[in-house]
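K.L.:
A single structure is presented below for examination.
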């Protein structure tokens, strides 16, 4: 069973830069996994930030960017703001035809 | 404006059945793959199922395979999830999402979700 890994929690200072990662329990993430990133605050539906590695969704500020860093997918937030404090989920598409979400990263801005 | 509105959630007994609907508007529904994703309140997101734009191709998470059926009615711009043999662990908020990327494997737009509670 493939497990998608994310940092459980990360903190960043206001105005700072932070990188969240999305990896595999076995193997490396590449663009063929179509890594995507979603932001969610409690009680709300997910909001799409990045899909297909680095395509920013409509209306998402360019402070958010996606990439492959080493063997993982990465979401980088530059100039962090207080309202970036949320849960962030990544998802990978497996060649078996299923998608697997990571457990999520709780981002604290302090 | 793209809108996805889920309905059909509620309380159901273990072993029971329920059909969720997702009404789509603001885009050409018949051109896009669609997904169901669920989330136990306070927990992470879990992909459930995907269906191709014409309904000819479907896939399921192992946890629901054989119990859930995804379908769509392109004339009514509506996506469905028929859930049967429901278990307590199926309790979750169910979201529909519109696919993007090759073969619609990414999600761009999400509905607000509908809560399914499986309990006696």
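K.L.:
Take the Cβ-Cβ distance between residue B:13 and residue A:60 as r, set R0 to 41 Å, and report the resulting FRET efficiency rounded to the nearest 0.05.
P.N.:
Values: r = 42 Å, r/R0 = 1.02.
After rounding to 0.05, the efficiency reads 0.50.
K.L.:
Say each of residue B:103 and residue A:81 gets a label point 7 Å from the Cα, pointing the same way as Cα to Cβ; how far apart are those two points in nm?
P.N.:
For residue B:103 paired with residue A:81, the spin-label model returns 3.8 nm.
K.L.:
Still on this structure: Enter the Cα centre distance for the pair segment A:33-110 and segment A:1-32, rounded to the nearest angstrom.
P.N.:
Computed from Cα coordinates, the inter-centre distance equals 9 Å.
K.L.:
Taking the beta-carbon count within 10 Å as an exposure proxy, list A:24, B:4 from fewest neighbours to most. Can you show the working numbers first?
P.N.:
Details: A:24 20, B:4 23.
Exposure proxy ranking, most exposed first: A:24, B:4.
K.L.:
Please tell me the relative contact order of chain A in percent, rounded to the nearest whole number, where contacts are Cα pairs under 8 Å and at least six residues apart.
P.N.:
Values: 267 pairs, mean separation 40.2, N = 110.
That works out to 37 percent.
K.L.:
Still on this model: Report, as an integer, the average count of C-beta atoms from other chains found within 10 Å of each Cβ along B:91-99. Spell out each step's value before the answer.
P.N.:
On the way: counts 0, 0, 2, 0, 2, 0, 4, 1, 1.
Neighbouring Cβ atoms belonging to other protein chains average 1 per residue here.
K.L.:
Percent relative contact order of chain B, based on C-alpha pairs within less than 8 angstrom and at least six residues apart?
P.N.:
Values: 299 pairs, mean separation 42.6, N = 120.
It comes to 35 percent, rounded to a whole number.
K.L.:
Work out how much length residue B:62 to residue B:43 would gain on full extension: take 0.36 nm times their residue separation and subtract the Cα-Cα distance, in nm to one decimal.
P.N.:
On the way: separation 19, 0.36 × 19 = 6.84 nm, distance 1.88 nm.
So the extension gain works out to 5.0 nm.
K.L.:
Give me the one-decimal nm value for the distance between modelled label points at residue B:54 and residue A:10, 7 Å along each residue's Cα-to-Cβ direction.
P.N.:
Each label point lies 7 Å from its Cα, and together they span 4.1 nm.
K.L.:
Could you check the spin-label model distance between residue A:30 and residue A:95? Points 7 Å from the Cα along Cα→Cβ, value in nm.
P.N.:
It works out to 0.8 nm between the two label points.
K.L.:
May I ask you to order A:52-63, B:17-28 by the average number of other C-beta atoms within 10 Å around their residues, highest value first? Each step should come with its number before you reach the end.
P.N.:
Numbers: A:52-63: 14.3, B:17-28: 16.7.
By packing density, highest mean first, the sequence is B:17-28, A:52-63.
Values in this text are rule-based calculations from the coordinates and carry no lab data. Worth saying up front: this structure is predicted, and the values here are computed from it rather than measured. Heads up, the Cβs are rebuilt from the backbone with ideal geometry, glycines too, and the neighbour counts pull from every protein chain shown.
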